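Contents: one structure, followed by commentary.
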There are 2 protein chains.
Amino acid sequence: MPSVSPRRSVAATRETRQRILERGLAIASAEGLEGLTLGRLAADMAMSKAGVLGHFGTKESLQLAVVDAAAEVFSREVPGRVRQAPTGLPHIEAVCEAWVSYLERNVLPGGCFFTAATAEFDGRSGPVRDALAGMNALWRRDLRIHIRRAVSAGHLAPDTDVDQLIYEIVGIMLALNHFLQLEHDDQAPARARRALKRTLAGAVRS
Amino acid sequence: MPSVSPRRSVAATRETRQRILERGLAIASAEGLEGLTLGRLAADMAMSKAGVLGHFGTKESLQLAVVDAAAEVFSREVPGRVRQAPTGLPHIEAVCEAWVSYLERNVLPGGCFFTAATAEFDGRSGPVRDALAGMNALWRRDLRIHIRRAVSAGHLAPDTDVDQLIYEIVGIMLALNHFLQLEHDDQAPARARRALKRTLAGAVRS
DNA sequence: CCTACCGATCGGTAGG
DNA sequence: CCTACCGATCGGTAGG
């Protein structure tokens, strides 16, 4: 007979942890990953600071967990929505459209978490910065694979500068987040789509 | 006979204030405008917190003064360097080149102050956010004027979508700052120049 | 420009 | 998961 019946079941604990992370991600997207304080998060959750901290140990662990939670949301909302798209250029177009749509729908109150957190931490050092850089690198790697496939399939020109194309796509997305968050410019998604169309058209095999 | 001989001359006080702002701008570009704390700034300046605060009154006033100082540096380094460029497309090209060069030379340790501060404050409200939004709007207005002149001069196509062009240029610059700060990618300036060339070429009168 | 404070909040710990 | 703390730091003030 196992010594069970803890105060809270493992499942309930895990659920609380997930709720904390969802709230933390929303706060961090709008107010920054450093602005996400234990006191603020605890107040939002109607918990004590110690209760929140108990799930993570340190603030840095909380920040790393929020980065992971952000990656999960992004994966679900962008690559996760286009798995059915045909390989090559159609897949790239679908990924870009899902990305624009993700920002357009304001899934997180502060826009793209990674854009905000990266700008916040790019001048620092440590595990959080490294985790953010790693996520950015992973995402670029994903893009790179799909662009290469589009070249192999003959959709894009054989001399396509893959890193140049990634650079330009990232710029279009950074601008979209910028104009949405700072100017609340509802024409920004249309501009992003136009810019993406023009940029991809310039790389199409002629 | 005026009651003069204060402890410090007006000129010396102004100079100290300027030194504080220069240091504050460097800190803020790397660690954020909120991460610029009075204690940190005072320690860097080998002054007391009260000594620093005396020049500004409140932290918010310090932040607003840093925003103004950033605008002065940017004006000097970008538009200030291309006043001799001929009106129209050559002026736009010169401005973009000065902008890339400004980021390439790492004038501020954390890259573009406005990019970092805008990302930090775009989800908030208040005078600092408003000042940053105003500076962004001023700069876009400047770009818009030069693009319109290039259209009038017949350098750019008459049906040029001015705001679309601004959007794409801003995206290229945001990406430049992103890849420089996060990846220390020394190929990023070349990519920015290539993207600018392609984008402007697409708008040239055919 | 300084010293000497203030209340509030920070991340974190002890103990239950 | 809580209460009750801790030392450090925050922005800011008083008084000189």
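Derivation of every value follows stated rules applied to the coordinates shown; laboratory data play no part. These figures come from a predicted structure and were not determined experimentally. Please note: Cβ atoms are built from the backbone with ideal geometry, for glycine as well, and neighbour counts cover all protein chains shown.
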Handout entry: the protein assembly as shown, dipole about Cα centre (Lys/Arg Cβ +1, Asp/Glu Cβ -1), debye to the nearest 20
Key = 160
Fill in the blank from the handout: Across B:113-121, the residue-averaged tally of Cβ atoms belonging to other chains within 10 Å stands at 4
Problem - Cα-centred dipole magnitude for the stretch A:111-193, charges only on beta-carbon of K, R (+1) and D, E (-1), debye, nearest 20 - result: 320
Handout entry: For the protein assembly as shown, alpha-carbon Rg over 2.2 N^0.38 Å
Key = 1.10
Exercise for the section: Output the relative contact order of chain A, whole-number percent, from Cα pairs under 8 angstrom with separation of 6+ residues. Expected result: 21
Exercise for the section: Could you pull out every one of the lysines with an alpha carbon less than 19 Å from that of B:LYS59, ignoring same-chain neighbours closer than 8 positions? Expected result: B:LYS49
Handout entry: Stretch in chain A that is longest and holds no trypsin sites (Lys or Arg not before Pro) that DSSP places in a loop and that have at most 16 other beta carbons within 10 Å
Key = A:125-204
Practice task
Would you list, by chain and number, the lysines whose Cα falls below 24 Å from the Cα of B:LYS197, excluding same-chain residues fewer than 8 positions away?
Solution key: A:LYS197
Exercise for the section: Could you grab the relative contact order for the stretch A:90-206? Cα pairs under 8 Å, six or more apart, rounded to a whole percent. Expected result: 33
Exercise for the section: Could you give me the percent of Cα pairs per 5 Å distance bin for the stretch B:92-134, shortest bin first, beginning at zero and ending with the bin that holds the maximum distance? Expected result: 5, 21, 22, 16, 19, 13, 5, 0
Fill in the blank from the handout: With A:ALA42 itself left out, Lys, Arg at +1 and Asp, Glu at -1 over residues whose Cβ is under 11 Å from its Cβ give +2
Exercise for the section: Could you state the angle between the C-alpha long axis of helix A:89-104 and the longest principal axis of the C-alpha atoms of chain A, as a value from 0 to 90 degrees rounded to the nearest 10? Expected result: 50
Problem - Calculated diffusion of the stretch A:129-170, Stokes-Einstein form, Kirkwood radius summed over Cα pairs, 4 °C and 1.567 mPa s, µm²/s - result: 119
Handout entry: Cα-based radius of gyration of the stretch B:60-160 once divided by 2.2 N^0.38 Å, which approximates compact folds
Key = 1.20
Problem - Estimated dipole of chain A in Debye, rounded to 20 [Cβ of Lys and Arg +1, of Asp and Glu -1, Cα centre] - result: 580
Practice task
On a 0 to 90° scale, report how tilted helix A:59-77 is relative to the longest principal axis of chain A, with both axes built from alpha carbons and the result rounded to the nearest 10.
Solution key: 40
Handout entry: Cβ-vector label at 7 Å, A:GLN84, separations to other copies in nm
Key = 6.2
Exercise for the section: Quote the relative contact order of the stretch B:1-80 in percent (integer), defining contacts as alpha-carbon pairs under 8 Å separated by 6+ residues. Expected result: 27
Exercise for the section: Provide the net charge surrounding A:ILE172, with neighbours chosen by a C-beta distance below 11 Å and charges set as Lys +1, Arg +1, Asp -1, Glu -1. Expected result: +3
Completion exercise
Quarter of the surface of the C-alpha convex hull for chain B, i.e. direction-averaged projected area in nm², equals 14.7
Fill in the blank from the handout: Over chain A, the sum of -39500 (n - 2.57) across DSSP H runs of at least four, divided by residue number and rounded to 500 deg cm²/dmol, gives at 222 nm -23000 deg cm²/dmol
Completion exercise
Neighbour-count ranking for B:TYR102, A:TYR167 (other C-beta within 10 angstrom, fewest to most) reads B:TYR102, A:TYR167
Practice task
Summarise the long-distance tail of P(r) for the stretch A:1-114 by giving the % of C-alpha pairs beyond 16 Å.
Solution key: 65
Completion exercise
Amide H contacts under 5 Å for B:LEU156, restricted to residues at least 5 apart in sequence or on another chain and with H modeled in the peptide plane, are B:VAL151, B:ARG205
Handout entry: Residue order, fewest to most beta carbons within 10 Å, for B:THR16, A:THR87
Key = A:THR87, B:THR16
Exercise for the section: State, to one decimal in nm and shortest first, how far the label point of A:ASN106 sits from each corresponding label point in the other identical copies (label point: 7 angstrom along Cα-to-Cβ). Expected result: 3.9
